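Below is one structure; the comments refer to it alone.
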Amino acid sequence: MTRSFSSAVLVVFFSIIFLGCKDSTTNDPIVDESNISLVSIYQTNASTNGVCVYPVSFRNYAFIADGSNGLQIIDVTQVNSPDSVSSFNTGGSANDVTVAGINNDVYAFVSDYSGGLVIIDVSDPGNPMLTGVINIPGLTNTSFIDGLNERGYIGVDNGNLYTVDLSSLPNPPSAFTMINPSYESIKGLYVSGNLLFAACSNTGMLIYDVSNVNSINLLSVTNTSGSASDVVVNTGYAYIADSFNGLLIFNVSNPSAPSLLSRYPPFEQILGVAVNNNTAYTADNGYGVESINISTPSNPTQSGYNKTNSSANNVFYFGGYLYLAAAEGGLAIFRPSN
């Protein structure tokens with residue numbers, strides 16, 4: 001489940017329904033920690049499956065895909081005191097969210113499982129407004145929005161991958177294109193330059209050339225042995241969250257023939273990954289969060305952890321803080337010290 005943003009179909013409309021949220025008053029769940037400290041917890045009303053943090057009008061907001069509770073928008077400008085701003089009933093089950101600025105407006109793209117890809121104008125976070133819904137065959141797991149090129153990529157549970165032109169926003173997009181026939185369920189997507197990377201469950205890692213959107217080519221399929229659920233690419237390396245198989249690091253300088261450099265073992269199952277400079281951060285379900293020194297990609301080493309013994313679906317790095325989507329545990333905000 002990839003929660004990236006970039007500085008960057010049949011369309012269906014439905015009404016906005018606002019739902020109440022509550023600030024967390026739960027007890028500190030920490031079991032053990034080193035170099036990663038808990039800052040605050042925001043308890044949602046459903047299941048925090050994905051999170052993306054994005055600045056709007058000089059304030060920072062966490063956009064939460066909260067299962068049956070839809071999209072939750074939380075002001076995290078003061079990280080020690082997250083505050084509910086608004087919510088939006090997406091109509092399905094919000095599984096993932098990414099945010100991008102396109103044509104001078106800010107949009108949240110919610111992968112709503114049976115509800116398709118829901119596009120919400122969040123330029124005013126206190127008053128989210130529906131732009132449209134992209135209904136595609138299958139269950140929508142995840143998306144990656146390339147704001148720079150005004151294009152979206154959508155991963156579906158049946159293994160299909162779609163692309164959609166977003167240049168018409170704020171007019172809702174009306175067409176989508178399937179890139180490839182079915183593989184396994186697509187769980188995470190990431191665009192780096194002219195390459196699209198897909199974390200494709202039991203199939204592993206797929207790499208596409210998307211330099212020509214009218215002729216997208218599959219360059220390689222790499223079996224990862226585990227179940228690939230998230231992917232991030234940084235400085236020529238791909239980082240794959242491969243569940244019980246751990247974190248895999250690939251050299252993708254030759255995207256037609258990626259080479260595995262190392263495997264970092266999990267405590268339980270690594271479901272999400274974020275990268276900042278020479279550190280990777282992982283959401284290790286049933287364990288918590290970790291920071292991993294990747295300055296030498298062939299030899300990753302642990303540099304910090306926070307053992308929460310709670311669910312950990314995905315992790316997002318923004319402004320020196322980690323935002324953990326912790327399912328029934330809500331949103332947890334951590335500060336890594338290294």
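The values are calculated or read from the model by the stated rules, or taken from the named source; none is laboratory data. These numbers were taken from a predicted model, which means no experiment stands behind them. For neighbour counting, all protein chains shown are included, and Cβ atoms are generated from backbone atoms with ideal geometry for every residue, glycine included.
Where in the range 32-113 are the strands (runs of 3 or more DSSP E), entirely inside, with at least 2 residues that are over 21 Å from VAL315 (Cβ atoms) and modelled with pLDDT of 95 or more?
Values: elements: 32-34, 36-42, 50-56, 59-65, 71-75, 83-88, 96-102, 105-111.
Output list reads 83-88, 96-102, 105-111.
Please tell me if VAL156 is under 15 Å from the mean Cα position of the chain (by Cα) and farther than 29 Å from SER84 by Cα. Step through it out loud before you land on a result.
Working: under 15 Å from the mean Cα position of the chain (by Cα): yes; farther than 29 Å from SER84 by Cα: yes.
Here the answer is yes, as VAL156 does meet what is asked.
When you scan the range 224-233, do you find a residue that is at pLDDT 95 or above, buried (at least 24 other Cβ atoms within 10 Å of the Cβ), farther than 17 Å from THR282 by Cα and not polar (S, T, N, Q), even just one?
No - not one qualifying residue is present in the range 224-233.
Anything in the range 186-201 that is part of a loop (DSSP other than H, G, I, E, B) and under 18 Å from LEU248 (Cβ atoms)? List them, or say none.
First, the residues of the range 186-201 that are part of a loop (DSSP other than H, G, I, E, B): 186-187, 193-194.
Residues satisfying the conditions are ILE186, LYS187.
From the list SER253, SER182, pick out the single residue that is surrounded by fewer than 22 Cβ atoms within 10 Å (Cβ to Cβ), modelled with pLDDT of 95 or more and small (Gly, Ala, Ser). It would help to see each step written out before you state the result.
Details: SER182 fails: modelled with pLDDT of 95 or more.
Of the residues listed, the single one that is surrounded by fewer than 22 Cβ atoms within 10 Å (Cβ to Cβ), modelled with pLDDT of 95 or more and small (Gly, Ala, Ser) is SER253.
All but one of (1) out of contact with any Ser or Thr (no Cβ under 9 Å at 6 or more places or on another chain); (2) surrounded by fewer than 16 Cβ atoms within 10 Å (Cβ to Cβ) hold for SER259; state the number of the condition that does not hold.
(1)
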